[in-house]
Amino acid sequence: MPELTENARVVLETRYLARVDGKVVETAEELFRRVARHIAAVEGTVYGKDPGEVAAWEQRFYRMLSSLEALPNSPCLMNAGRELGQLSACFVLPVADSIEAIFDSIKHAALIQRSGGGTGFAFSRLRPKNDVVRSTGGIASGPVSFLKCFNAATEAIKQGGTRRGANMGILRVDHPDILEFITCKADGRDITNFNLSVAVTDDFMHAVEGDEEYDLINPRCGGVAGRLRAKDVFGRMVEMAWKNGEPGVIFLDRINRDNPTPERGAIESTNPCGEQPLLPYESCVLASVNLARMVERGAVDHEKLREVVHLAVRFLDNVIDANRYSLPEIEQATLRTRKIGLGIMGFADLLIRLGIAYDSEQAVSLAGEIMRFIQSEARRASEELARERGPFPDFSRSIYARGAAVRNATRTTIAPTGTLSIIAGCASGCEPLFAVAFHRKVLDGKVLTEVNPLFLAMARERGFYSKELMERISRAGTVKAVEGVPEDVARLFVCAHEVAPEWHLRIQAAFQEHVDNAVSKTVNLPREATAADVGEAFVKAHRLGLKGLTIYRYGSRDEQVLNIGTTAGDAAAKPLPAVAPQARPDVLAGRTRRVITPSGTLWLTANEHAGRPFEVFATIGRAGSDLLALTEAIARMISLGLRCGLPLERITEQLIGIGGSRSVGFGTGRVLSVPDAIGKALAAEYLNSPNGTPSGPPPANQVAIFGICPACGNASLVQQEGCIHCVSCSFTEC
């Protein structure tokens, strides 16, 4: 087994290794052995192999895992051979147009999420807002209101303490409530447990290009409910994606052209990160081949890659049988099609080891070549399994019915590999490097400078390594224009935000051409990108035949997800001017307000000077408590800001919406937490805002908030592969 990096060990100990009474009782080697043994056991219990053959397969699976040549999705690593036993990563649940069906789906989602799975939902079948409800004589509240119910349920699920809830919410572009859906995450405070995507049709995209109107369809009756100008709707999607990265798009017709079992119905939704389109109740098991370990003597080792692909396909087919399903409906739907998703990670490492820049024709060509090979070998492996075990039960009703039998209705997917790639010590999925170097906070609070190992090795080999250079690179995050780095090396270690959108799209398209399911990838745009750039990316993605697209414009969140190095205006480049707080007068007058919060009664006093708030005092809980100390600290910092002349609007913007244990709010003011309570109370008192939100339009730079990493407290979250990851401590939302 290769030596694990320190980051890999931290991730394994934090999220994957077995614990007893909170203490880790398993090593990485024992984890891989546990998983290999559990999955190989299927060879005997289901397929009748003798103990010697079972042991041989266990050893093959163990070697694949422990060598880090391929790894399965996180629930498999966490749960195989343990009591929970749920091994799938991806699920899609139906949301039918009745109260009973809606809340059945919420219940089913809770069962899935507590076991580590992510769920996708299409809300397109729900009748629009203000539509008739004949059973009660009332009016419908619409898909977005129920989306919020699903979000609140997820907030209460901790996914076994190892994975937080992750969801995809999808609405068809021709649903009457589409405009409300597009903007429902505009303030960044609601629906925080969902990724949102608009299900776009070919007809809609053609209407955009032709500047035409299109019909809105009421799903309750199938009738036309109105018409909208396609360019206006598209413009709203683009505007929101430019501001905060959501909604993404999925191209519904493109997805259904690859639907392997159309007789079972049309695909309406995907899993949370968009790479796995599924029919209602279907689930899928995933694994990723580590391309960084598929290089030998400066070339792709195709024989090794073939061996790993065949072994991984058999492993995943066994996972389907070894799985413990949350619902009988999921078990039945999954066994009918036996979908698996084998993908890749470490593509950026592969390119570097071969001396190829990510944003180059060579990289695009290699992406297609590698994935074509994996796709072909995965198909052959599935055909071999079909001869040994029989095809998937729905084979005769599938698009394969007139050809060679296959065991699995789909075989390939490129999924997010946030924590898996940390364990494997490689780059995520098919993404470029996010940064060549950065500061990472470890568990004891120390901050380490982390440098890409391939860059480090090259720097030492070519003689330009120095500690000072590494520190300069960690401050910059990139090697571009860093003095002392050779030009050809800088070209090779290009980072995500230096890659033009066209190359992101072309790389994704090259992989998508040879993938059964879809590709999870983020198209990173520079801070200065315009809304027109986002729109152009959406249009190009459709023309290139992508199945979906996620956009992230660097710096577009109020809380920057990862500040790569220094920018022209930060403290390292231009020291900020010192601002002295205004002296406090001897006498100030003010008012005290009582606010009910989820943590108890808050007493908030605001004293005024010259007609504006000047200082704030806040108390809650008992003397000497941590809660009181934190509350007092918030009040002191607010007071310091006010005395330095910071506008109250800016202060309340930062406080309002900070979540706590009550995702839907507490009391009549829907208070989320103590900070939220203070922000709302000050806004209501001084900013003419009865509901606690500052009046007037938000500042131009106020957009949705990712927030600081909830695990380590660093502002080091990145969006990749349609998912949020922390590069400091390896926390992930997916």
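Computed from the coordinates by the stated procedures, all read-outs in this text should not be read as laboratory data. Being a predicted model, the structure only gives us computed values, none of them experimental. Ideal geometry is used to build each Cβ from the backbone, glycine not excepted, and the neighbour counts take in all protein chains shown.
Of the options (1) -0.51, -0.85, -1.25; (2) -0.50, -0.81, -1.13; (3) -0.87, -1.26, -1.40, only one is log10 I(q)/I(0) by the Debye sum over Cα atoms at q = 0.07, 0.09, 0.11 Å⁻¹ as computed from these coordinates, and that is (1). Take the Cα of Asp202, step 7 Å toward its Cβ, do the same at Val489, and the gap between the two points is 5.0 nm. For the stretch 206-295, GluC sites (Glu not before Pro) meeting the loop criterion (DSSP other than H, G, I, E, B) and having at most 15 other Cβ atoms within 10 Å: Glu212. Per-residue ellipticity at 222 nm, computed for the chain from helices alone with -39500 (n - 2.57) per DSSP H run of at least four residues, works out to -11500 deg cm²/dmol.
Along the stretch 36-50 the Karplus relation, 6.51 cos²θ - 1.76 cosθ + 1.60 evaluated at θ = phi - 60°, assigns HN-Hα couplings of 4, 5, 5, 6, 5, 4, 4, 4, x, 5, 9, 10, x, 6, 6 Hz to successive residues, with x for each Gly and Pro.
Cβ-Cβ distance of Ser365 and Glu471, R₀ of 30 Å, FRET efficiency by 1/(1 + (r/R0)^6): the value works out to about 0.25.
If you average 1/r across every pair of different Cα atoms in the stretch 22-172 and take the reciprocal, what Kirkwood value do you get, in Å? Numbers along the way, then the final one.
Values: mean 1/r = 0.0554 Å⁻¹.
One over the average 1/r among Cα pairs gives 18.0 Å for the stretch 22-172.
Search the structure for amide H atoms under 5 Å from the amide H of Val482, placed 1.01 Å from N in the peptide plane, and list their residues when 5 or more places away or on another chain. Here nothing satisfies the definition.
Close amide H pairs (under 5 Å, H built 1.01 Å from N) link Thr550 with Lys521, Val523, residues at least 5 positions away or on another chain.
Quick one: putting +1 on the C-beta of Lys and Arg, -1 on the C-beta of Asp and Glu, what dipole do you get for the stretch 1-107 around its Cα centre, in Debye to the nearest 20? Walk me through the intermediate numbers first.
Numbers: 12 positive and 16 negative charges, 38 e Å.
So the dipole magnitude of the stretch 1-107 works out to roughly 180 debye.
Its Cα centre serving as origin, the stretch 48-127 has a Cβ charge dipole (Lys and Arg +1, Asp and Glu -1) of approximately 180 debye. Beyond 21 Å in Cα-Cα separation lie the following of the pairs Lys23/Lys107; Lys185/Lys243; Lys304/Lys521; Lys243/Lys521; Lys480/Lys540: Lys23/Lys107; Lys304/Lys521; Lys480/Lys540. Shown in residue order for the stretch 135-142 are the 3J(HN,Hα) couplings computed by the Karplus curve 6.51 cos²θ - 1.76 cosθ + 1.60 at θ = phi - 60°: 5, 10, x, x, 10, 6, 8, x Hz (x for Gly and Pro). Loop-located trypsin sites (Lys or Arg not before Pro) in the stretch 296-395 (DSSP state other than H, G, I, E, B) with a sparse environment of at most 16 neighbouring Cβ atoms within 10 Å: Arg297, Arg324.
Mind giving me the FRET efficiency for Gln59 and Ala404? R0 is 30 Å, r the Cβ-Cβ distance, nearest 0.05 is fine. Given R0 = 30 Å and the Cβ-Cβ separation, E is 0.50. Annotation: amide H of Val295 within the under-5 Å range of Asp301, sequence separation 5 or more or interchain, hydrogens built in the peptide plane. Rounding to the nearest 10 and keeping the result within 0 to 90°, find how far the Cα-based axis of helix 230-244 lies from the longest principal axis of the chain. The angle comes out at about 80 degrees. What is the stretch 180-290 by shape, rounded, prolate or oblate, if you read a ≥ b ≥ c off the alpha carbon gyration tensor as root eigenvalues and call it rounded for a/c under 1.5, prolate for a/b larger than b/c, and oblate otherwise? Taking the square roots of the gyration eigenvalues as a ≥ b ≥ c, the stretch 180-290 is oblate.
The GluC sites (Glu not before Pro) of the stretch 458-530 that meet both conditions, a loop assignment by DSSP and at most 10 other Cβ atoms within 10 Å of the site Cβ, are Glu483, Glu528.
Here the chain is assigned +1 on the Cβ of each Lys and Arg and -1 on the Cβ of each Asp and Glu. Its dipole about the Cα centre then comes out at about 1220 debye.
Legend: Rg and Dmax of the stretch 5-50, from Cα coordinates, 14.0, 41 Å. Backbone phi angles across the stretch 122-133, fed through the Karplus curve with coefficients 6.51, -1.76 and 1.60 (θ = phi - 60°), yield HN-Hα couplings of 9, 9, 6, 8, 7, 5, x, 4, 6, 6, 6, 10 Hz in residue order; Gly and Pro are listed as x.
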